[in-house]
1. Out of segment A:1-48, which residues are at pLDDT below 85 and more than 8 Å from chain B (Cβ to nearest Cβ)?
2. Just to be sure, is B:Ile76 in contact (Cβ under 8 Å) with a residue 12 or more places away in the chain and not basic (Lys, Arg)?
3. Out of all the residues in segment B:129-137, is one or more crowded, with 17+ Cβ neighbours inside 10 Å and in contact with a Lys or Arg (Cβ under 7 Å, 6 or more places away or on another chain)?
4. Within segment A:216-262, work out how many residues are within 19 Å of B:Ser39 (Cβ to Cβ) and either among the hydroxyl-bearing types (Ser, Thr, Tyr) or touching a helix residue (DSSP H, G or I) at 6+ places or on another chain (Cβ under 6 Å) (or both).
5. Taking the condition of being facing chain A (nearest Cβ under 7 Å) and part of a helix (DSSP H, G or I), how many residues in segment B:17-27 meet it?
6. Working only within segment A:208-235, note down all residues that are touching a strand residue (DSSP E or B) at 6+ places or on another chain (Cβ under 8 Å) and surrounded by 15 or more Cβ atoms within 10 Å (Cβ to Cβ).
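The values are calculated or read from the model by the stated rules, or taken from the named source; none is laboratory data. Since the structure is predicted, the reported quantities are computational estimates derived from the model, not experimental observations. Counting neighbours? That spans all protein chains shown, and the Cβs are built from the backbone with ideal geometry, glycine included.
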Amino acid sequence: MSQNSKSSIVGSLVALLLGLVIAKGVWSIIAFLYLPKKGIDAKEEYSLKPLYYHYNLASKKEIIKPIVHKQAPKKVVLPKVIKKKIVPEKIDSFLFKGLYDSREKKLIVIEYQGKTYVLSIGEVLEGYKFTSLKGNTAIFTKNGKRYPLDIFAKKEKKSAAKQGASQATPSAPNAPAAQNTNRKGQNQSQAAALTIRKEGETTIIPKDLFDRYRTNIRQIQKSINAVPYMVNGQMEGFRVNYVKKGSDFSKLGIQKGDIIISVNGEPLNNLKVPIEFFRNLNTMRAATFTIKRGNEIKELEYEVR
Amino acid sequence: MRLVKYTLLFLAALLIGLYIFMPKTQLYYKAEEFLAQKSIVIGNEKIESDLRSLRLLHPVVYFQGADLVRAEAVEIKPYLLINSVIVTNIEPLGIAKELGNITIENLSLKHSVLKPLYVKLESNGTFGEANGYIDLKNHFLHIDITKPKNIQPLQRVLKKGEKGWYYESKF
């Protein structure tokens with residue numbers, strides 16, 4: 001092999017190696033200076049908790065104010081103790097009427113002896129300290145013992161008892177007129193069972209109607225349309241573009257042009273809240289929508305019954 | 001003449017070196033950072049990298065914290081001059097599933113340095129076959145449904161043109 005060809009091979013190898021080394025060096029410098037060592041993982045999900053009982057958080061001052069029982073001493077020391085002479089023997093004396101569960105605060109609504117109390121974590125009612133909230137169950141402690149209380153536990157017992165009593169009531173004689181009246185009454189009650197109505201400020205959505213839409217999201221899409229409302233690239237809610245006239249949705253008080261800014265107190269600044277809302281529809285008993293109509297902020301309250 | 005030969009060899013080696021030694025995983029992490037600024041997060045993925053490509057297995061795409069779609073695999077082939085991303089078996093999740101249960105069998109995105117601000121896309125799935133492009137300069141997406149099959153769930157967002165159904169959006 002001539003000296004000339006030898007030097008040509010060496011030169012070629014040097015050129016190749018140099019190219020590879022420079023490439024490696026360039027990437028090493030870029031990776032060291034600009035590229036991250038770790039990726040981004042999806043953040044842990046939180047779920048939007050539906051309101052299980054209608055309670056207007058904005059207007060009910062007792063929810064925001066600390067609860068002070070009438071007979072409680074003036075100076076309240078944390079944890080707040082609400083004393084009363086009669087101590088319930090069982091936790092069943094409490095009716096767990098509703099809850100508000102958000103990342104910031106957890107509140108429960110308890111009915112006891114015809115009065116309604118709103119408790120946050122750490123507060124005490126009749127010696128029972130509200131310690132935690134797990135799903136639909138509020139956990140109380142007293143004298144080191146744990147007392148779980150399910151939502152609507154007492155109410156359900158009551159309604160079951162009522163239902164039993166009505167079934168036990170003897171029926172009318174088999175007269176045709178009475179049967180017709182019964183049928184008419186049944187039809188009317190069936191129609192009424194699917195009619196959205198107002199009770200004060202609250203819109204009552206019949207459960208059968210609610211379930212009908214809950215299982216058919218396409219039907220919802222046909223009746224109402226809302227799109228994310230963006231301001232400077234940041235989502236600030238959902239703008240209602242369309243509400244079908246005469247549809248059930250037109251009876252919900254939502255109008256074209258409204259901007260839904262929060263659901264159950266959770267601001268609609270991302271898609272997760274509405275998605276969680278739809279996911280939890282099957283357990284939802286009440287909801288509060290905060291909407292912006294022009295310059296006015298309104299609260300629309302709904303209860304599923 | 002010899003200098004030209006060495007220079008060409010050097011450039012070829014540089015190009016091959018840039019391709020072989022490309023820190024694909026770290027570049028993917030950087031892309032994740034850019035996507036995160038748009039509230040898009042790719043999670044749950046298993047990353048496999050070799051000399052040729054980067055593979056993401058079973059990634060879930062989250063938008064604003066909500067899981068939207070899951071894919072079986074994403075293969076990214078960064079050939080520098082011609083780059084491609086091939087996504088297989090994309091299925092909707094959560095509310096996206098409720099709104100229109102459409103699955104995409106294959107989605108292919110191709111980018112060439114000859115047209116740096118243009119990405120060509122081809123896709124097929126339960127809706128039929130589609131192709132289109134992304135205009136990166138004008139932030140514009142156009143997709144033509146070339147062979148429609150079951151487009152009913154998509155009709156709400158599609159427009160009808162002379163050539164058939166199409167989708168357009170600005171981003």
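1. Residues satisfying the conditions are A:Met1, A:Ser2, A:Gln3, A:Asn4, A:Ser5, A:Lys6, A:Ser7, A:Glu44, A:Tyr46, A:Ser47, A:Leu48.
2. Working: in contact (Cβ under 8 Å) with a residue 12 or more places away in the chain: yes; not basic (Lys, Arg): yes.
Yes; evaluated as a whole, the condition is true for this residue.
3. Kept after step one, since they are crowded, with 17+ Cβ neighbours inside 10 Å, are these residues of segment B:129-137: B:130, B:132-134.
Retained after the next criterion (residues that are in contact with a Lys or Arg (Cβ under 7 Å, 6 or more places away or on another chain)): B:133.
Checking segment B:129-137: at least one residue is crowded, with 17+ Cβ neighbours inside 10 Å and in contact with a Lys or Arg (Cβ under 7 Å, 6 or more places away or on another chain).
4. 2
5. Restricting attention to segment B:17-27, the residues satisfying the condition of being facing chain A (nearest Cβ under 7 Å) are B:17-18, B:21-23, B:26-27.
Pick out the ones that are also part of a helix (DSSP H, G or I) and you get B:17-18, B:26-27.
Qualifying residue count for the region: 4.
6. As a first pass, look at segment A:208-235 and keep what is touching a strand residue (DSSP E or B) at 6+ places or on another chain (Cβ under 8 Å): A:210, A:223-230, A:235.
Residues satisfying the conditions are A:Phe210, A:Ser223, A:Ile224, A:Asn225, A:Ala226, A:Pro228, A:Tyr229, A:Met235.
Here is a yes/no grid of residues against (1) within 9 Å of chain A (Cβ to nearest Cβ); (2) surrounded by 19 or more Cβ atoms within 10 Å (Cβ to Cβ):
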residue: B:Gln37; (1), (2): no, no
residue: B:Val41; (1), (2): yes, yes
residue: B:Leu57; (1), (2): no, no
residue: B:Gly65; (1), (2): yes, no
residue: B:Lys77; (1), (2): no, no
residue: B:Asn101; (1), (2): no, no
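One line per residue, one yes/no per condition, for (1) part of a strand (DSSP E or B); (2) in contact with a Lys or Arg (Cβ under 8 Å, 6 or more places away or on another chain); (3) of a type outside the set (S, T, N, Q); (4) in the same structural domain as A:Phe210 (by TED's automatic domain parsing):
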{"site": "A:Met235", "(1), (2), (3), (4)": "yes, no, yes, yes"}
{"site": "A:Ser250", "(1), (2), (3), (4)": "no, yes, no, yes"}
{"site": "A:Ile261", "(1), (2), (3), (4)": "yes, yes, yes, yes"}
{"site": "A:Pro274", "(1), (2), (3), (4)": "no, no, yes, yes"}
{"site": "A:Ile291", "(1), (2), (3), (4)": "yes, yes, yes, yes"}
